[in-house]
Amino acid sequence: MNQNFFITKLQTTLRIRYYLVVFTLVLFQISANLISQPPHPFSGGSGTSASPFLISTLSDLNELADTVNIYHYHLTGRYFLLTADIVDTFRQTIGNDKDYFEGIFHGGGHKITLGITSDNLYVGLFSVLDTNMISSISVDSLTVDGYVIGGPNSVSVGGICGEIRGG
């Protein structure tokens, strides 16, 4: 009887530990998914042609760059509209040699002031635009001002983009 009691208690303890491990793993997966999701609020919009994501501040532009550069979302087929001049200096590229912007960016006739110094392979407002990846990549009605300086590892430097592939 005493031995059965200890076996039952051991089984219960193991079962509880099992459920705690499973619970912890589920919480970890949920938190990892929440952390890895790009923010996407910008200044409005839903990213469709009828309701493009609105870029009206330097913060919005930095968020776009972070979405591609940090979260590795290429924003394939998503629409963006610049709704105001960005006069505060934008200091990073959107994308890099591995993560490209694959959306549609309409400048709305506005200007972005750049101050980019980067050692990326391809340096510009957009690091790489690859029309071989998707046919709807577009940058339209946009003026850039300021400077773009590549580093010793840079292969190509430009204002709008460091490299255009397939176009």
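Observations on the model:
- What the phi angles of the range 52-57 give under the Karplus curve with 6.51, -1.76 and 1.60, with θ = phi - 60°, is a coupling list of x, 4, 9, 10, 10, 9 Hz, glycine and proline written as x.
- Net charge, V87 excluded, C-beta distance under 11 Å - Lys, Arg +1, Asp, Glu -1: -2
- Modelled label positions at D66 and Y147, each set 7 Å beyond Cα in the direction of Cβ, lie 2.7 nm from each other.
- Extension gain (nm, one decimal) between K98 and T76, 0.36 nm per residue minus Cα-Cα: 6.5 nm
Laboratory data are not the source of any read-out in this text; all were calculated from the coordinates shown. Not measured: the values here are computed from a predicted model. Heads up, the Cβs are rebuilt from the backbone with ideal geometry, glycines too, and the neighbour counts pull from every protein chain shown.
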